[in-house]
Amino acid sequence: MKRIDTEGITYLQPLDGTDQWYYSIDFPDGDMYEAEELHAMGREITGTRLLLVHYLDGEIIEPIKRKKGLCLGRPLFCDGRICFLGVHFREGIIHVFEYDPQARRLNEPVLVPLREVENCYNLMLHNSPLTLSRQPGNGTFEILWPERKTYSIDVRESFFLREGSRLYFNIWYEDPDYREETIVRDAETGEIIETLKGDLFLMPNGEIWHVG
């Protein structure tokens, strides 16, 4: 039996887009939106602890040490990098971190002013390419970085991933039975290109499978 010492974080999750890495993360202040609310009430943010665990050898890497005021998001694998979001509420900055697993190096983060977003509700990273987005739940979808775009979507849609110039959204129906479909939109115009029966899955090797 191999022992993986995460110093109290009692679970591992596979990193989306690769079969070589897992991660462990704790959220002492809740998710980013909950941490933002605590900060607004004057509470000090404890900070998130994120560990990357390499499979097969079980090597543990902490790409950035826990820092007060800094809330981290769940990582993903994109173009050979392990990427994760960070929001430092006291400094008013959104960080897009990229960790190079080959060089074992954390690259200089992309910085986005926190004032450019209404709040951190559904603020997250997606691939590919690496994209910072926000879906506030009011029938819009926002891309915040590396470009700025806002799309009108159905309130039942939720963003899944971007592939080149195509944006993929999941949508659910109850008519009367529950079912789901995949809507493909043009990344430039937001117009619907096609609707696919069934659902999409991001596989461990990075491939996208359409099941339906």
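Details
- When you filter the chymotrypsin sites (Phe, Trp or Tyr not before Pro) in segment 4-85 for DSSP loop state and at most 11 other Cβ atoms inside 10 Å of their Cβ, you are left with Tyr11.
- Fewest-first sequence of Leu106, Leu144 by Cβ atoms within 10 Å of each Cβ: Leu106, Leu144
- Read-out volume of the Cα convex hull per residue in Å³, derived from the coordinates shown; its label in [x] 149; [y] 171; [z] 117: [x]
- Chain lengthening between Arg148 and Glu116 when straightened (0.36 nm per residue, less Cα-Cα): 10.5 nm
- Cβ-defined net charge surrounding Ala187, 12 Å radius [Lys, Arg +1; Asp, Glu -1]: -1
- Gain on full stretching of the segment that runs from Leu196 to Arg156 - 0.36 nm per residue minus C-alpha separation: 12.9 nm
- Averaging the sequence gap over all C-alpha pairs within less than 8 Å and six or more residues apart, then dividing by the number of residues, gives segment 106-186 a relative contact order of 17 percent.
- Over all other residues within a Cβ to Cβ distance under 11 Å of Glu36, the charged ones net out to -4, with Lys and Arg as +1 and Asp and Glu as -1.
- Euclidean distance between Cα centres, segment 176-211 to segment 69-111, Å: 27 Å
- Remark on segment 19-78: ratio of C-alpha radius of gyration to 2.2 N^0.38 Å is 1.27.
Every number in this text was worked out from the coordinates using simple rules, so none of it is lab data. Just so you know, these numbers come straight off a predicted model, no measurement behind them. Heads up, the Cβs are rebuilt from the backbone with ideal geometry, glycines too, and the neighbour counts pull from every protein chain shown.
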